[in-house]
Every structure is written in structure tokens, then in C-alpha cells.
Amino acid sequence: MKADREVWKAVEQEIASRITDHQFKTWFRSVRFSFSSPESVSVSVPNRFYQTFLSHRFLSVIQESIETVTNLNQPRIEFQVEGDDPREVLAAAPEAPSPRSGNGNGTRSGSAVVPAAEAADPLRDVPANQPLNPGYTFDQFVVGPSNRLAHAAAVAVSENPGSTYNPLFLYGSVGLGKTHLMEAVAHTFLARGQRRFAYLSCATFTNDFIAAVQNHDLDRFRDKYRRADALLIDDIQFLAGKERTQDEFFHTFNAVYGDGKQIFLSSDSLPSDIAGLGDRLASRFRLGLVAQLEPPSLETRIAILMRKAENMELQISDDVAHFVAERITDNIREIQGAVVRMHSLVTIEGRSITVETVRDALSDLFGDESSRIDPLAIQQAVLQEFDVRPADLHSRKRNRSIVVPRQICMYLTRKLTNLSLEQIGQYFGGRDHSTVLHAIEKIEAKLAEDERIRRAVKTITSHLGH
Ligand code: ADP
Ligand code: MG
């Protein structure tokens with residue numbers, strides 16, 4: 001028995017020398033070998049998924065390693081599944097036979113040796129990449145608290161594909177920068193001369209799969225995706241309810257991931273919230289890092305707006321930037337739209353950019369402005385909530401009991417009316433716009449950390465019918 005163990009150690013070393021570290025760690029750490037008879041070798045694996053995978057991807061490696069160490073000629077390899085997981089059986093079942101890897105249905109005869117991949121043009125048969133938007137690069141991406149983790153993870157993936165965060169799963173609602181980050185990774189690959197990656201939308205993957213089924217061309221389809229050095233698939237929520245495509249993607253995922261190659265997916269929701277996505281896929285998606293893109297804060301929106309304006313060589317004042325960023329809160333694409341609109345305001349209509357012209361020209365982006373509220377109503381609602389006199393709100397008194405309600409007034413006036421920072425400053429005792437800005441930022445910060453303020457603002461806005 002001791003001899004056995006030494007033999008297996010040597011076999012393991014031999015296997016390790018033939019594949020990458022990542023592959024070895026992922027697939028061979030929980031595998032045990034033993035001789036079941038003089039000419040057959042039993043490979044004990046934790047579940048059927050391993051069995052399918054090992055027999056598809058590493059059979060020849062296992063076999064050749066055993067041959068090298070033991071001088072056995074074509075040993076029979078029998079897989080033994082330790083814990084049978086019925087889900088994994090289902091998972092393994094739909095994999096169609098492929099000429100490269102045999103049927104994958106359990107015990108395989110050792111005589112089917114898998115040929116080494118033939119040398120080929122490196123780009124041949126890798127899926128065609130979607131064209132990249134030239135502006136979707138890392139240096140055009142404005143980083144803030146809402147996207148810091150997602151950005152850092154994407155940068156790490158672009159620098160060390162397949163090692164740090166694998167898979168990387170980014171999710172967030174529309175217009176928050178998922179595609180931008182994915183393309184930024186693709187741009188980085190290209191800039192380094194790495195061209196053998198696949199970047200495509202999930203819809204393209206699905207259509208390609210359906211075409212392959214119709215043309216009886218599945219082997220080529222599979223090969224193509226599995227050859228890519230990294231797989232970047234956008235809007236993976238598109239797999240919802242598509243059972244066959246999911247099955248296929250499951251196998252693609254396993255093959256690519258098993259080879260230690262990078263997988264980067266984006267989605268509009270968490271893996272567990274994609275309707276009709278099987279557990280097995282959802283749990284694969286969680287193997288690496290799941291990072292959320294959140295709606296950007298006011299500060300980040302302003303920074304994005306300024307950046308986009310700068311790119312178009314458009315000058316906008318802080319006040320206008322604030323005015324716009326405050327009204328476009330949850331889709332960065334609309335910020336881009338606003339900048340384009342402001343640009344044409346200047347270049348086509350020959351007007352200048354002020355809060356007034358922008359309010360007029362961009363009103364449809366801001367939603368229904370007529371539902372905005374009279375500043376007096378805001379004051380009254382605030383006075384109802386706090387024990388201060390109307391005159392105090394407009395005074396220059398600075399005690400906390402007055403400052404906080406006054407700041408809330410300014411904050412809500414800005415939020416719920418069309419008044420500019422200057423106008424609000426005028427209204428509240430002739431203060432300048434930076435004081436108003438400061439007040440708004442103070443309240444925004446307090447809303448995040450002070451339960452009492454949060455409750456007060458909530459009560460006030462509900463009195464105002466918002
Ligand atoms: P998603 O794929 O999440 O729907 P996109 O990546 O298409 O969103 O982003 C929508 C628009 O917003 C694009 O024009 C993109 O460049 C821009 N954008 C998103 N996030 C940022 C950011 N942090 N900095 C600069 N531009 C951004
Ligand atoms: Mg997108």
C-alpha cells in the first residue's frame with residue numbers, strides 16, 4: 001500500500017507538471033487514485049461533475065502520466081464518484097459526445113487517447129468580438145464609492161486574467177457602467193497584444209448556439225468558445241428561462257474556468273435573482289467575486305458630467321453641473337445625453353449654458369417638472385416637523401436647532417423645485433451658492449448616518465406628497 005501511495009505521488013507530480021497550477025489546484029486536489037486491478041486505475045472524485053470534467057478535459061493527461069510513472073500500457077481508468085449529487089448528474093447529462101473527448105459517461109476505456117490541440121492560427125475559430133466603443137476605457141471611467149469595487153476588480157482582471165477574481169460577476173441596473181468596464185478590460189487586453197479573448201453579449205452567444213444546433217455544428221461551436229483565453233459575456237441575465245442555452249453555457253463555463261482562464265460576466269441582477277437560472281449556474285457565478293454597480297452619488301454624477309463635458313470641450317459652471325446632476329440620478333447614459341444636448345445648445349442654437357436655458361432644453365430628461373413643489377410648501381412642512389419660526393429659517397442665526405432645519409429646507413428646495421443654488425441662497429437670507437451646496441452635502445451625509453434626520457426628511461417629503 002505504501003508503494004501505491006508513492007506511485008500516486010509521482011503520478012500527481014507528473015500530472016502537475018503537465019497542466020497549469022490553477023488547473024491542478026482546481027481539479028486534482030480532491031481526487032484520489034488507486035489500483036483496482038493490475039491493469040486498471042480507479043480515480044475517485046467528489047462528484048459527477050468532476051468525473052465529467054476530468055474525463056473530458058484531462059483523461060489523456062491522467063493516462064499519459066500513469067504510463068510515464070508505471071510503465072503500464074494504456075491502463076483502464078475507472079471513475080468512482082464519492083458523493084452523488086443528483087443535480088450534478090443532470091448537469092453532466094446534456095453534454096453531447098464530442099470527437100475530442102469521448103462520451104464522458106462514466107468509466108472510459110483508456111484506449112481513447114485525446115489528441116493534443118493542433119497548432120493553428122491563434123485567432124481562427126475564436127468567437128468574433130463585438131466592436132469596442134473607443135471611449136469605454138479605464139481612463140474614461142470616473143471612479144466613486146458606487147463603483148469603486150467593480151472598477152478595482154475589472155482592473156485586476158485586466159492585469160491578471162484568470163487569477164484574482166475568477167469569475168468576475170458585475171451586476172447593476174441599466175446605465176451604470178457594466179458594459180463600459182467590460183470593454184475597458186477588452187481594450188486593455190488588446191493594448192497588450194492579447195487578442196485571443198471573446199467579448200460578446202449573451203444574446204450573441206445564444207444566437208450562435210441556436211445556429212450551431214440547427215447546422216449540426218455543435219463541436220465547432222464548443223471548440224471555438226473553449227479556445228478563447230478569456231471569456232467576457234455581457235448581459236448574462238439574458239440566459240433567464242433559456243434552458244438549453246443555459247446547459248450549453250454551463251459546460252462552456254466549466255471548460256473555460258477549468259482551464260484557469262478568465263471569465264467575466266455582467267448582469268442586471270444578482271445570480272440568484274435571474275429568473276429561471278438554475279442553481280448550478282448561479283453557484284458557479286458566485287465562485288469568484290460578485291460586485292455591484294450602484295447608482296452614483298451626486299458628487300460622482302457631477303464628476304462624470306464634468307468629464308463628459310470636458311471631452312466635448314464644453315464649459316459648464318458648477319451650478320449648471322449641479323442642477324443637471326441632481327435631476328439625473330439613476331442612469332449615467334442620460335448624463336451623457338444631457339451633455340450632448342447642452343453641446344448642441346451652444347453649437348447649433350448659439351445659446352449659452354445657464355440653469356435657465358438648460359432647464360428649458362433638457363426638461364424631458366428631468367421628468368415632469370410641473371409636479372415640482374412650491375418652496376413655501378417645503379418651508380411649511382419643515383416648520384411643522386421642527387420647532388422653529390419662519391423668520392429663523394431666513395435669519396443668519398447659527399445654532400444647531402436652526403441650522404439643521406434650514407439645511408433641510410435648502411436640501412429639499414433644491415431637490416423638489418427648479419430653483420438654482422443661487423436662487424435658493426437668495427431665498428434663505430442672501431447666502432451664496434457655495435453655502436447652499438454645503439448645506440445640501442451636509443444633509444446628504446446625515447441622511448446616510450443619522451436615523452433621526454432620515455426620519456424627519458421622510459416625514460416632510462411624505463407631507464409634501466412625495
Ligand atoms: P450598462 O452596461 O451598465 O447599462 P454602460 O456601461 O453602457 O451601462 O454605461 C452607460 C453610459 O454611461 C456609457 O456611456 C458609459 O460610458 C457611461 N458611464 C457609466 N459609468 C461611468 C463612469 N463611472 N464614468 C464615466 N462614464 C460612465
Ligand atoms: Mg450594458
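Side notes on the structure shown:
- Stokes-Einstein translational diffusion, the range 297-378 - Kirkwood Rh over all Cα pairs, 1.306 mPa s, 10 °C, in µm²/s: 122 µm²/s
- Taking GluC sites (Glu not before Pro) across the range 325-408, the ones in a DSSP loop with at most 11 further Cβ atoms lying within 10 angstrom of their Cβ are 349.
- Checking every one of the chymotrypsin sites (Phe, Trp or Tyr not before Pro) in the range 180-220 against DSSP loop status and a limit of 15 other Cβ atoms within 10 Å picks out no site at all.
- Between the Cα long axis of helix 218-227 and the first principal axis of the chain there is an angle of about 70°, rounded to the nearest 10.
- The angle between the Cα long axis of helix 178-191 and the main principal axis of the chain comes to about 60°, on a 0 to 90 degree scale.
- Kirkwood Rh, Cα atoms: Rg over Rh of the range 359-442: 0.99
- Accessible surface of residue 234, taken over heavy atoms with a 1.4 Å probe and every protein chain present, rounds to 10 Å².
- Shape category assigned to the range 153-274 from the gyration tensor of Cα positions, a/c cut at 1.5: oblate
- Put a plus charge on the Cβ of each Lys and Arg, a minus charge on the Cβ of each Asp and Glu, and nothing anywhere else: the dipole of the chain about its Cα centre is then about 840 debye.
- Dipole of the range 406-466 computed with +1 at Lys/Arg Cβ and -1 at Asp/Glu Cβ about the Cα centre; of 445, 427, 457, farthest Cα towards the positive end is 457.
- Lysine pair count for the chain [Cα-Cα under 19 Å; pairs on different chains or 8 or more apart]: 10
- Helix 59-70 vs. the chain, principal-axis angle (Cα, 0 to 90°, nearest 10): 50 degrees
- Working value for the range 412-461: equivalent-ellipsoid semi-axes of 21, 12, 8 Å, each the square root of 5 times a Cα gyration tensor eigenvalue, largest first.
- Accessible area, probe 1.4 Å, largest first, for residues 163, 55: 163, 55
- Normalised convex hull volume, the chain, alpha-carbon set, Å³ per residue: 189 Å³
- All alpha carbon pair distances within the range 324-365 were sorted into 5 Å bins beginning at 0; the resulting P(r) in whole percents reads 6, 24, 37, 21, 9, 2.
- The relative contact order of the chain, computed from alpha carbon pairs under 8 Å that lie at least 6 residues apart in sequence, is 12 percent.
- Coil-residue trypsin sites (Lys or Arg not before Pro) of the range 398-466, DSSP, other Cβ within 10 Å capped at 14: 398
- Percent of Cα pairs exceeding the 18 Å cut-off, where the set is the range 212-259: 32 percent
- Size of charge dipole - the range 233-318 - debye, nearest 20, with Cβ of Lys, Arg +1 and Asp, Glu -1, no other charges: 240 debye
The values are calculated or read from the model by the stated rules, or taken from the named source; none is laboratory data. Small disclaimer: the values here were computed from a predicted structure and weren't measured. Cβ: placed from backbone, ideal geometry, glycine included. Neighbour counts: every protein chain shown. Protein only, heavy atoms only, side chains kept; ligands, DNA and RNA dropped before computing areas. Shrake-Rupley method; radii C 1.70, N 1.55, O 1.52, S 1.80 Å.
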